[in-house]
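These notes are about the structure you will find just below.
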Amino acid sequence: MGKIILTGDRPTGRLHLGHYVGSLRGRVELQNSGDFSEIYIMIADAQALTDNAEDPGKIRESILEVALDYLAAGIDPEKSVVLIQSQISELFELTCYYMNLVTVARLERNPTVKTEIKMRAFDQSIPVGFFTYPISQAADITAFQATTVPVGEDQAPMLEQTREIVHKFNSVYGDTLVMPDILLPEKKIWSRLPGTDGKAKMSKSLGNCIYLSDPAEDVKQKVNSMYTDPDHIRVSDPGKIEGNVVFTYLDAFASDQHFVDLLPEYNNLAELKEHYQRGGLGDVKVKKFLTQVLETELGPIRERRNEWQGRIPEVVGVLEAGTAKARIKAAKTLQHVKAAMQIDYFDQSPLIEGFFNLNNLSGC
Ligand code: TRP
């Protein structure tokens with residue numbers, strides 16, 4: 001059996017650089033590596049609704065935005081199946097059965113859910129659907145028999161929860177579900193790209209994002225307004241790297257080749273940092289370099305997005321075909337799950353056989 005990828009995003013707006021380095025860029029590489037026999041990429045609209053129940057319009061509008069971001073970033077519908085979560089009801093049946101294998105206390109310990117609850121100021125009014133979304137995410141992953149889940153570090157608790165469910169299910173009902181592994185981005189900084197304000201992770205609600213679809217002018221303006229070192233006033237002043245968002249972004253995006261192509265006075269980022277710390281290097285120059293570095297990545301993405309934007313019916317077709325294909329796979333897994341749980345009453349008539357055996361009768 002080949003290796004299978006499942007990963008996804010919540011459609012609550014356009015995708016940003018945090019999504020890109022945290023997962024999307026890596027997915028495109030994995031897709032093109034040829035190492036995987038099946039790749040599923042999920043637009044997790046049902047999960048997005050768990051904390052946006054009163055704003056279905058936002059989720060609906062974001063479906064095509066996210067799909068366009070995928071295609072723009074290099075997801076190839078010939079190689080990857082792009083699907084919409086809510087259209088695969090099998091996922092919610094699985095969720096329901098997995099719920100019996102997880103305790104409330106276990107969900108309460110999930111660090112990602114804890115942080116999210118705090119961020120959303122839910123207090124005592126946490127929607128049950130939101131609280132239990134890690135179980136639904138386990139259904140997403142296991143439905144496609146995923147071996148590999150490429151996600152950012154913030155999703156590690158979800159994978160842990162999924163692995164526990166798989167372990168529990170298999171030990172109670174027999175070997176049925178595939179045990180998935182997380183695949184983290186190579187560099188730590190790719191997992192937790194801060195927002196342009198440097199305060200927290202890039203997040204739409206904090207307004208600190210650079211979007212994959214941002215026009216070049218917006219990217220430039222966002223970089224120019226990035227937080228640097230407030231004590232670095234004159235060019236000659238020594239500057240700090242720690243907490244300086246421009247350098248954090250260079251850590252995430254700049255390669256030695258970028259220096260060769262765009263800033264040949266320096267060999268690499270270490271040399272640039274050293275100069276900044278010594279004094280004599282102005283923020284304007286570093287910001288200009290960062291803008292150019294980001295453009296080498298965002299330019300081609302923006303171009304592909306513009307192309308796909310003129311072919312929206314085709315994009316919808318990609319989603320419809322992907323969802324149909326994914327549904328077949330999820331249905332197969334659900335069938336295995338129900339058989340393992342002995343609730344496949346009408347599949348092979350074991351219900352009738354069981355009755356006759358129990359009552360010592362012979363069937364007719
Ligand atoms: N929780 C993920 C996020 O917030 C989205 C997601 C839903 C997902 N189902 C998934 C990711 C399954 C990986 C696997 O971005």
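The values are calculated or read from the model by the stated rules, or taken from the named source; none is laboratory data. None of the values given here were measured: they were computed from a predicted structure. Note that each Cβ is placed from the backbone with ideal geometry, even for glycine, and that neighbours are counted across all protein chains shown. Just the protein is used for accessible areas: all its heavy atoms, side chains included, with ligands, DNA and RNA removed. Shrake-Rupley method; radii C 1.70, N 1.55, O 1.52, S 1.80 Å.
Computed quantities for the displayed model
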{"read-out": "The stretch 216-309: radius of gyration over Cα atoms, expressed as a fraction of 2.2 N^0.38 Å", "value": "1.14"}
{"read-out": "C-alpha long axis of helix 269-278 to longest principal axis of the chain, angle in °", "value": "50"}
{"read-out": "In order through the stretch 58-63: 3J(HN,Hα) via Karplus (6.51 cos²θ - 1.76 cosθ + 1.60), integer Hz, x for Gly, Pro", "value": "4, 5, 4, 5, 7, 4"}
{"read-out": "Dipole in debye (nearest 20) - the stretch 216-309, about Cα centre, beta carbon charges: Lys, Arg +1; Asp, Glu -1", "value": "220"}
{"read-out": "Cβ-based net charge around residue 165, under 15 Å, with every Lys or Arg adding one and every Asp or Glu removing one", "value": "-2"}
{"read-out": "Among 176, 330, 101 - extreme Cα towards positive end, dipole of the chain, charges at beta-carbon", "value": "101"}
{"read-out": "Whole-number D in µm² s⁻¹ for the stretch 166-246, Kirkwood Cα-pair radius fed into Stokes-Einstein, 37 °C, 0.692 mPa s", "value": "201"}
{"read-out": "All-pairs Cα distance distribution in the stretch 29-91, expressed in whole percent, bin size 10 Å", "value": "19, 45, 28, 7, 0"}
{"read-out": "Surrounding net charge for residue 154, when Lys and Arg each add one and Asp and Glu each subtract one, Cβ distance under 14 Å", "value": "+2"}
{"read-out": "Percent accessible area from carbon and sulfur atoms, the stretch 45-91, protein chains only, probe 1.4 Å", "value": "45"}
{"read-out": "Average accessible surface area per residue within the stretch 99-226, 1.4 Å rolling probe, Å²", "value": "49"}
{"read-out": "Per-residue ³J(HN,Hα) for the stretch 152-164, Karplus 6.51 cos²θ - 1.76 cosθ + 1.60, θ = phi - 60°, Hz, x for Gly and Pro", "value": "x, 4, 4, 8, 4, x, 5, 5, 4, 4, 4, 5, 5"}
{"read-out": "Environment charge of residue 58, counting only residues whose C-beta is closer than 15 Å and scoring Lys/Arg +1, Asp/Glu -1", "value": "-2"}
{"read-out": "Percent carbon-and-sulfur accessible area, the stretch 304-344, ignoring ligands, DNA and RNA, probe 1.4 Å", "value": "54"}
{"read-out": "Principal semi-axes in Å for the chain [√(5λ), Cα gyration tensor, largest first]", "value": "45, 21, 18"}
{"read-out": "DSSP loop GluC sites (Glu not before Pro) with at most 14 other Cβ within 10 Å: longest gap in the chain", "value": "79-185"}
{"read-out": "Long-range tail of P(r) for the stretch 1-156 (Cα pairs > 18 Å, %)", "value": "60"}
{"read-out": "Given 204/325; 3/58; 3/199; 114/204; 114/332; 79/199, the pairs whose alpha carbons are separated by over 26 Å", "value": "204/325; 3/58; 3/199; 114/332; 79/199"}
